[in-house]
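Okay, structure first, notes after.
The values are calculated or read from the model by the stated rules, or taken from the named source; none is laboratory data. All values derive from a computational prediction rather than experimental measurement. Note that we place each Cβ from the backbone using ideal geometry, even for glycine, and neighbour counts take in every protein chain shown. The area values use the complete protein model at the heavy-atom level, side chains included, leaving out ligands, DNA and RNA. Shrake-Rupley method; radii C 1.70, N 1.55, O 1.52, S 1.80 Å.
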Amino acid sequence: GCLFLLVQNAFAQVLVKRDTVLMGSSFDVSIVAENEALAENYIQQVFEEVIRIDLLISDWKPNSQISEVNKNAGIKPVKVDKEVFDLTKRALQFSEMTNGAFDITVASMDKIWSFDGLMDELPTNEAIQKSIENVGYKNVILNESESTIFLSKKGMKIGFGATGKGYAADKGRELMLKLGIKGGIVNASGDLASWGRQPDRKSWLIGLRNPFKNEVILRTFPVRNAAMCTSGDYQKFALIDGIRYSHIINPKTGIPATGLTSVTVLGPEAETANAFSTSIMVLGAEAGLQLLENYPDYACLIITEEGNIITSKNYKKVLKKLNTDN
């Protein structure tokens, strides 16, 4: 009998969850470890990794490399770390993939929309046109050999509001896997990356809230190695003449997305899922589903303004794959 006890103890593990505010969002990290002190230490390491990334890519911290790039728009190329270069390069690839529905230069839009409930009429056409003058991912010039980023127009800005948190979640998970941590979740306010299993060997269970009734869980997803990101208009939107305008703005028109309440994308990586969920909000259900057909590792669940739920064809298949120990 005592041999059996030993085997059991080898698996005795605890789950510790901590949250903090990073990148202007709530970050919560859950780690499975041998004891609480170890788990706390690992969680701290994840937080530090996110802080490190934020210091590189924040577009509102004046000393970050991205702020430096933005300050030199129309002036000169700026040398950046390979990590920042690669993140920007992938963002431009997402723009190509989504035909411009995703665009990191949307950061250069003049703030003519407000989503604090005070806006009661649409901006004028002139204001909208003027606000998107500096938007256009094709004006971001990358030089691989020099590792520089150049914004070719004065007044242009880039920002990682749409993929930065997903990327941070991916990197937190990557760090923990490197350290041999058996399981956990890094959740950047809805952009999350999970791996392994809970201490009782069960899969993680991730709930999706009903955007119309916040306290109701609409769906639960059993996952192991997975990423999940939700973009939605239900927390930040403007209601003008009975139409809900999302805080996610179409980079081409300068007008916020309408029609969809939320888009959840599931797949292997949070950064990519994040880019897709943002793009699908802009593209709408039909074009969004069409886009995902080219990327079979990613599936989506769309909730329309009327409350209808639409899932991509590969939805069940992807969920099944994300719930395996691959």
Going through segment 250-269 in order, the residues found to be out of contact with any Asp or Glu (no Cβ under 6 Å at 6 or more places or on another chain) and among the charged types (D, E, K, R) are Lys252
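To keep it simple, each residue is scored yes or no on (1) aliphatic (A, V, I, L, M); (2) assigned to a loop (DSSP other than H, G, I, E, B); (3) closer than 16 Å to Phe150 by Cβ; (4) over 18 Å from the mean Cα position of the chain (by Cα).
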site: Glu68; (1), (2), (3), (4): no, no, yes, yes
site: Lys76; (1), (2), (3), (4): no, yes, yes, yes
site: Val84; (1), (2), (3), (4): yes, no, yes, no
site: Ala91; (1), (2), (3), (4): yes, no, yes, no
site: Gly100; (1), (2), (3), (4): no, yes, no, no
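For segment 216-239, which residues satisfy the criterion of being charged (D, E, K, R) and either open to solvent by less than 20 Å² (accessible area, probe 1.4 Å) or closer than 27 Å to Gly161 by Cβ (or both)?
Arg219, Asp233, Lys236
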When segment 105-126 is checked residue by residue, the ones that are not in a helix (DSSP H, G or I) and not aliphatic (A, V, I, L, M) are Asp110, Lys111, Trp113, Ser114, Phe115, Asp116, Gly117, Asp120, Glu121, Pro123, Thr124
Of those in segment 112-129 that are in contact (Cβ under 8 Å) with a residue 12 or more places away in the chain and touching a helix residue (DSSP H, G or I) at 6+ places or on another chain (Cβ under 9 Å), the residue farthest from Asp170 (Cα to Cα) is Leu122
Within segment 195-212, restricting to residues that are basic (Lys, Arg) and over 20 Å from Val265 (Cα atoms), the one that is least open to solvent (accessible area, probe 1.4 Å) is Arg197
Note on segment 130-148: residues at pLDDT 95 or above, surrounded by 16 or more Cβ atoms within 10 Å (Cβ to Cβ) and more than 24 Å from the chain's Cα centre (by Cα) are Ser147, Thr148
In segment 151-194, anything surrounded by fewer than 20 Cβ atoms within 10 Å (Cβ to Cβ) and of a type in the set (Asp, Glu) is listed as Glu174
Scanning segment 203-230 for residues that are modelled with pLDDT of 95 or more, in a loop (DSSP other than H, G, I, E, B) and of a type outside the set (Gly, Ala, Ser) gives Arg224, Asn225
Going through segment 290-318 in order, the residues found to be assigned to a helix (DSSP H, G or I) and surrounded by fewer than 18 Cβ atoms within 10 Å (Cβ to Cβ) are Gln290, Tyr315, Lys316, Lys317
Going through segment 152-170 in order, the residues found to be of a type in the set (A, V, I, L, M) and assigned to a loop (DSSP other than H, G, I, E, B) are Met156, Ile158, Ala162
